[in-house]
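Worksheet: one structure, shown below.
No lab work stands behind these numbers, since they all come straight from the coordinates. Quick caveat: nothing in here was measured; it's all calculated off a predicted structure. Here the Cβ positions follow ideal geometry from the backbone for every residue, glycine too, while neighbour counts run over all protein chains shown.
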Amino acid sequence: MRNLKILFPLLLGIGTASPSVHAHHPSAAGGTGSSGPINVISAATLEQGRGSAAILFEAIRLDPLSNATLEHLAGNHVHAHSLDSILSPSLALAYGVTGNLTVSVRLPLVMRNDIREGHHHHHGAGGAVNEVELRGDTSGIGDLTVMGQYRFLGSGIGGTEAALLFGIKTPTGRTGELDNAGGLFDAEFQPGSGSWDGLFGLAISQQLGAIALHASGLYTVVTEGTQDTDLGDRLHYGVAVSYRLGATTAAQGPMYVGAQAKHSHARGTPPHLHDEPATTPRLAVDLLVELNGEWSAKQKSAGARDDNSGGHTLYLSPGVRLSYDTVSAFASVGIPVANELNGFQAEPDWRLFTGVAVAF
């Protein structure tokens, strides 16, 4: 039961190491256990020697800039671009090195669809033309992220838990994607960043019977990568509340029929709980609601700052998780309640984050 409760506490948390947020990159899907948050990172860790594996999928639908807008901006010498959507399936693994230390890895596939840019051209006769270039799509393996989570407060039985988060994003992703005309896509559209980035943060969880509260923040220090481009430091943060339907214990209820049965051994002995052999696993349902914030600094290419990059987005994200035996599946839909992006960018319309994981 304990292993299922924290089925994959960091598998999703390392999603916050994805390249820069907002219109061009996968967003900050966070960490979760079977009764914890989905986008926020839980402070829970895996038991020593236990592991988990997950298949995750994120889709971001954007409100793209129109061709007329791109042409108008090009006429004012503003180099803007847009795209329609981002898809990012990924594989993740986690392992409990000790009861308080979990190590996780995640490798994504990143796909960006319908990339367009506005261009301003001058002719020899003095005329000028504003037009939109349909550059196409990009797809490829993204950057591998390795993260550690060290729990320094709490035992995982209930109450308050707190953990330090630390990790590194490695430049394993593809950086040579070409557009429809054979030109090299800018660094921000490549599946990989080409940079080594450091991550550090904090996660806090509080168990209150059937209700659990979580908060986390993870900061990414981004270095210069492919095409001499720094995609900008990032901060992903959030708070979450989860509620287990039908919970009966402080740990949000037994996962098995007959587990944690109350009984007495002899006459006059006070009733007490014991972990009985788990024979019949039952379905557990967790309802969740989260606030997820994503901030990114403006990116720089060859020392020049891009004023149409970076900014802040805040999502309201309801979700649900189903858990049965050692398997857990979840889905979360994020709706932006604030889009404060710099300059001219395609803003997120909604975000879907879903996946399935198994403990071993």
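Rank by packing, highest mean first: peptides 73-85, 105-117, 171-183, with packing defined as the count of other Cβ atoms within 10 Å averaged across residues. Intermediate values should be presented prior to the final figure.
Numbers: 73-85: 17.4, 105-117: 21.2, 171-183: 14.6.
Top to bottom by mean Cβ count within 10 Å: 105-117, 73-85, 171-183.
Note down the net charge around P37, summing +1 for each Lys or Arg and -1 for each Asp or Glu among other residues with Cβ under 10 Å from its Cβ.
Numbers: positive: R321; negative: D286, E290.
Here the count lands on -1.
Can you check what the net charge comes to around R106, using other residues whose Cβ is under 13 Å from the Cβ of R106 (Lys, Arg +1; Asp, Glu -1)? Can you show the working numbers first?
Details: positive: K169; negative: E58, D143.
Computed value for this residue: -1.
Which of T313, T98, T170 comes first, and how do the rest follow, when ranked by fewest Cβ neighbours within 10 Å?
Fewest-to-most Cβ neighbours within 10 Å comes out as T98, T170, T313.
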